[in-house]
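Since the structure comes first, as structure tokens, the remarks are kept for the end.
The values are calculated or read from the model by the stated rules, or taken from the named source; none is laboratory data. Just so you know, these numbers come straight off a predicted model, no measurement behind them. Don't worry about glycine lacking a Cβ; one is built from the backbone with ideal geometry, like all the others, and counts go over all protein chains shown. Protein only, heavy atoms only, side chains kept; ligands, DNA and RNA dropped before computing areas. Shrake-Rupley method; radii C 1.70, N 1.55, O 1.52, S 1.80 Å.
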Amino acid sequence: MNRIISLQQELSAFAVKRKKVSKASSRYTRAKTAGLFGIAGLTAVEAANLGLAGASLLQPAMTKSGNLTISSDKAQRLLTPQARQKLNSRPKHAYTYPILWINADKPIFGAADAQIEVTWEGNDYGEIGGAYVRRNLSNTTAFSKSSLNVSFTKLDKIPPNNMKDPREWPVVFAYDGTFDPWGNGQFEFQGEFEINAFGGLKFVRHEVKSVSLADWAISGKPEDYVKKKSDRSYTVPALPPDQKKYLLEQIGNP
């Protein structure tokens with residue numbers, strides 16, 4: 001009986017301590033709302049509580065034409081059902097940007113060319129829809145003798161520590177591929193880039209290595225033949241009053 005009473009006392013003390021910690025954590029969380037956009041280093045759970053769900057995968061996209069193969073995950077990040085009930089719909093914007101240009105700056109005679117682009121849509125709430133990678137038909141030639149194989153995979157990453165607005169939470173793609181101009185060697189390449197709901201595009205890394213048997217016949221650097229395109233800047237639109245109200249309501253409820 002004494003052991004039971006002692007155990008009950010320990011559990012009661014733990015419950016009181018936990019309640020104090022919870023209140024302190026709540027006060028700290030609410031303190032972060034003072035600047036609202038002084039919010040930094042959001043965890044995935046915190047970002048979800050602000051109304052954005054984690055990125056989800058759709059049916060992958062696959063393009064095959066001759067010796068060209070491009071496979072890409074399709075990703076989206078939408079409002080949680082609870083947030084959608086609270087917020088009005090906002091206009092969406094479509095974005096399509098080139099990301100890789102194959103056989104670009106110093107074209108190899110007789111080799112095929114390809115421009116690869118990423119396309120998606122976004123809105124002021126930070127939603128991202130239908131993001132995937134494809135070839136640009138107008139700027140891609142026939143891959144009859146050359147070959148290109150590249151895959152794009154969505155990465156699940158924690159929101160960046162320097163993210164001041166939860167709506168900036170990007171979708172991240174990694175890519176890995178090979179380009180063979182003539183059939184006697186190839187360039188191997190890989191990298192990573194991120195996009196956000198406001199048309200932002202940022203390369204995290206881009207690496208190209210030549211493993212060709214005929215390097216002596218190829219001038220320039222490997223990056224001249226598998227070239228990454230430019231980053232795209234963006235502007236975060238003013239926060240609608242209804243979303244600001246929603247954020248203030250939700251941020252104190254992790």
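At-a-glance table
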read-out: Size of electric dipole in segment 130-195: Cβ of Lys, Arg +1 and of Asp, Glu -1, about Cα centre, debye, nearest 20; value: 240
read-out: Gain on full stretching of the segment that runs from residue 162 to residue 145 - 0.36 nm per residue minus C-alpha separation; value: 1.5 nm
read-out: Interchain or long-range residues, amide H under 5 Å from residue 229's placed H; value: 100, 101
read-out: Environment charge of residue 71, counting only residues whose C-beta is closer than 13 Å and scoring Lys/Arg +1, Asp/Glu -1; value: +3
read-out: Proximal charge balance of residue 204 [Cβ under 13 Å; K/R count +1, D/E count -1]; value: 0
read-out: Virtual spin-label span in nm between residue 230 and residue 65, 7 Å along Cα→Cβ; value: 2.6
read-out: Protection-proxy order for peptides 72-83, 155-166, 114-125, each taking the mean of Cβ atoms within 10 Å per residue, highest first; value: 114-125, 72-83, 155-166
read-out: Surface accessible to a 1.4 Å probe, per residue, for the residues of segment 133-218, Å²; value: 47
read-out: Contour minus Cα-Cα distance for residue 109 and residue 94 (0.36 nm per residue); value: 1.8 nm
